[in-house]
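The values are calculated or read from the model by the stated rules, or taken from the named source; none is laboratory data. None of the values given here were measured: they were computed from a predicted structure. Here the Cβ positions follow ideal geometry from the backbone for every residue, glycine too, while neighbour counts run over all protein chains shown. Calculation scope for accessible area: heavy atoms of the full protein, side chains included, ligands and nucleic acids excluded. Shrake-Rupley method; radii C 1.70, N 1.55, O 1.52, S 1.80 Å.
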Amino acid sequence: MKTMIVYSSRTGNTETIARAIHQEMPRAELFPVEEAPSPEGFDLLVLGFWVDKGTADVAAREYLQRVGTTPTALFATLGAYPDSNHARESMERASEFLSGAPLVGSFVCQGAVDSKLQNWMESLPPDHPHGPTEERLKRWRDASTHPDGKDCEAARVWARGLIREERS
Ligand SMILES: Cc1cc2nc3c(=O)[nH]c(=O)nc-3n(C[C@H](O)[C@H](O)[C@H](O)COP(=O)(O)O)c2cc1C
């Protein structure tokens with residue numbers, strides 16, 4: 001099975017997950033999105049993005065629009081909890097950028113939020129829509145240690161499942 005793993009990562013969280021997946025698929029080609037060729041001719045594309053305002057970041061979105069018909073599995077890191085509606089909706093919105101390719105799987109985990117964004121939000125008044133509520137501050141604290149070893153292991157397990165499905 002000819003597989004390509006492509007990731008878009010600003011601060012390294014999504015790259016960490018991409019590299020964990022690559023350990024499970026060592027023969028797959030691994031590229032940062034800026035250097036990734038077209039997935040045409042590959043049996044499977046595994047594409048990772050970071051969540052930006054409730055959808056895939058712009059570089060991943062642009063790549064998704066060029067995917068064509070190659071079966072695609074998506075993974076993402078985000079500040080929100082992976083079992084939240086926000087995580088589910090962000091993945092759904094991202095998958096809408098795949099026009100002709102079947103979505104064959106998805107994986108999401110938390111990723112530490114850039115301290116610059118945190119500092120900016122903490123400077124806003126608490127009643128501002130993006131202000132530092134207790135809930136948001138807790139979520140960021142929880143996110144700050146991710147992705148961790150368990151996330152990487154979960155990503156490897158997910159990748160194993162993709163390989164099995166592709167073979168069956
Ligand atoms: C500009 C910006 C926008 C973000 N928007 C969201 C968002 O809408 N929802 C969310 O859960 N996390 C959001 N995050 C958090 C990132 O998705 C998260 O920290 C991710 O793990 C970063 O991945 P990276 O290290 O691969 O760049 C945002 C971060 C930044 C810097």
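Each row is one residue, and each column tells you yes or no for (1) open to solvent by less than 30 Å² (accessible area, probe 1.4 Å); (2) within 11 Å of the chain's Cα centre (by Cα).
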{"residue": "LYS2", "(1), (2)": "no, no"}
{"residue": "ILE5", "(1), (2)": "yes, no"}
{"residue": "THR11", "(1), (2)": "no, no"}
{"residue": "ARG19", "(1), (2)": "no, no"}
{"residue": "GLY41", "(1), (2)": "no, no"}
{"residue": "LEU74", "(1), (2)": "yes, yes"}
{"residue": "HIS86", "(1), (2)": "no, no"}
{"residue": "MET91", "(1), (2)": "yes, yes"}
{"residue": "PHE97", "(1), (2)": "no, no"}
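Given the criteria in contact with an Asp or Glu (Cβ under 9 Å, 6 or more places away or on another chain), β-branched (Val, Ile, Thr), within 16 Å of the ligand (Cβ to nearest atom) and not assigned by TED's automatic domain parsing to the domain that holds HIS130, does THR69 qualify? Judged against the criteria, THR69 is not a match. Can we say VAL104 is under 28 Å from ASP148 (Cα atoms) and not basic (Lys, Arg)? It is true that VAL104 is under 28 Å from ASP148 (Cα atoms) and not basic (Lys, Arg).
Can you go through GLY48, GLY12 and tell me which one is over 14 Å from ALA159 (Cα atoms) and within 11 Å of the ligand (Cβ to nearest atom)?
Details: GLY48 fails: over 14 Å from ALA159 (Cα atoms).
One residue alone meets the criteria, GLY12.
Within the range 3-21, the residues that satisfy the criterion of being of a type outside the set (A, V, I, L, M, F, W, C) and either closer than 20 Å to ASP52 by Cβ or part of a loop (DSSP other than H, G, I, E, B) (or both) are TYR7, SER8, SER9, ARG10, THR11, GLY12, ASN13, THR14, GLU15, THR16. Just one of the listed residues (ALA80, ALA60, ALA143) is in contact with a strand residue (DSSP E or B) (Cβ under 6 Å, 6 or more places away or on another chain) and over 30 Å from LYS2 (Cβ atoms), and it is ALA143. Of all residues in the range 87-114, those satisfying the criterion of being within 10 Å of the ligand (Cβ to nearest atom), in a loop (DSSP other than H, G, I, E, B) and not hydrophobic (A, V, I, L, M, F, W, C) are GLY111, ASP114.
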